[in-house]
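Student: After the structure tokens below, expect a handful of questions from me.
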């Protein structure tokens, strides 16, 4: 295959590589009054940096950058899986209540088993699956249309968020940073917190690759896909479970971070002829990049104050969600 044909077919993926590389460097090397970018660069290359720069790079910046990569890729792939499984561009872990359910169960596990961090990952996965099941049960009773599923997700998300806020208010010790957890923040992450979510997200992304060919058959309809040998209901449930796993692992790291799983997959879905596996690769690149740039901006623009990355994502994601609603409404009117 020639380079021209490669760039023509995969230009959005190829463009994502330098954008991600620049985001990683910016996240690692952005300076402030405490340590300059030059000192951080010398610490990165091992060229006689100060002790402070070395500590900041290795104990703060590297874990934080790794968390951005993990959460950005996990949430964006989870959003893609939900949108493909439900054939609904409005589906995402935040809007469907999956993030909120995972967050609620993380808080509950923190109340009863505060020193067992590994249990929080299992609790988050259970909460994500519980929320997804609740959404489907409500939607089944109300009618399994696309709008009903999204509205059911919004209702479940609101309910789970209210319960989380009640726990945080009554038992603030259940989470170290209640504002950061509620809005989605990557501050205070150390290396020890990365291992289990990293394994879960890598497993989830790998599973998504294996599910990819079957997911593509959802577009031709359940009966046609069943005729081609795909166990449609089982495959759809596995896809949603994979999305729940990815979302749960991300919530354990960054809290209730929203809109990554809505913005990135919808942009990639505009690319015609893109396979699900290519979309997954695009989600990994662009989801990580989006979170890296948002996090870096929010901790540098207002220094010495640091705002949650989720705040900027909400400012971007809310108009994007409204745009999707209006676009979908316009399409519906054209078909009437």
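Student: Would you look at the GNM of the chain, springs on alpha carbons closer than 10 Å, and say which of 64, 140, 51 moves the most?
Tutor: Its mean-square fluctuation being the largest, the pick is 51.
Student: Would you mind checking the tilt of helix 62-86 against the longest principal axis of the Cα atoms of the chain, expressed as 0 to 90 degrees and rounded to 10?
Tutor: Roughly 10 degrees between the two axes.
Student: Now, a different point. For the chain, what relative contact order do you get, as a whole percent, if you take Cα pairs closer than 8 Å and at least 6 residues apart?
Tutor: Values: 520 pairs, mean separation 98.2, N = 336.
That works out to 29 percent.
Student: For the chain, what are Rg and Dmax over the alpha carbons, in angstrom?
Tutor: 20.3, 69
Student: Tell me the relative contact order for region 1-159 as a rounded percent, counting alpha carbon contacts under 8 Å between residues six or more apart.
Tutor: Details: 139 pairs, mean separation 25.6, N = 159.
Normalised by residue count, the contact order of region 1-159 is 16 percent.
Student: Okay, next question. At what distance in angstrom do the alpha carbon centres of region 263-300 and region 177-233 lie from each other?
Tutor: After rounding, the separation between the Cα centres reads 14 Å.
Student: Follow-up. Calculate for the chain the 222 nm mean residue ellipticity that helices alone would give, adding -39,500 (n - 2.57) per DSSP H run of length 4 or more and normalising by residue count, nearest 500 deg cm²/dmol. Working shown, then result.
Tutor: Working: 14 runs with 251 residues, N = 336.
-25500 deg cm²/dmol, from helical runs alone.
Student: Okay, moving on. Can you give me the orientation-averaged projected area of the convex hull built on the Cα atoms of region 217-317, in nm²? Could the numbers behind the result be given before it?
Tutor: Details: hull surface 30.4 nm².
Projected over every direction and averaged, the Cα hull of region 217-317 covers 7.6 nm².
Student: Considering Cα pairs under 8 angstrom that are at least six residues apart, work out the relative contact order of region 227-336 and quote it in whole percent. Walk me through the intermediate numbers first.
Tutor: Values: 45 pairs, mean separation 28.5, N = 110.
Relative CO of region 227-336 lands at 26 percent.
Student: As I understand it, the value is the acute angle between the Cα axis of helix 309-335 and the longest principal axis of the Cα atoms of the chain; what does it come to in degrees, rounded to 10?
Tutor: Here the helix axis deviates by roughly 20 degrees.
Student: How far, in degrees from 0 to 90, does helix 3-29 lean away from the longest principal axis of the Cα atoms of the chain, to the nearest 10?
Tutor: Here the helix axis deviates by roughly 40 degrees.
Since every read-out is calculated from the coordinates, none of them should be taken as a lab result. All values reported here derive from a predicted model rather than from experimental measurement.
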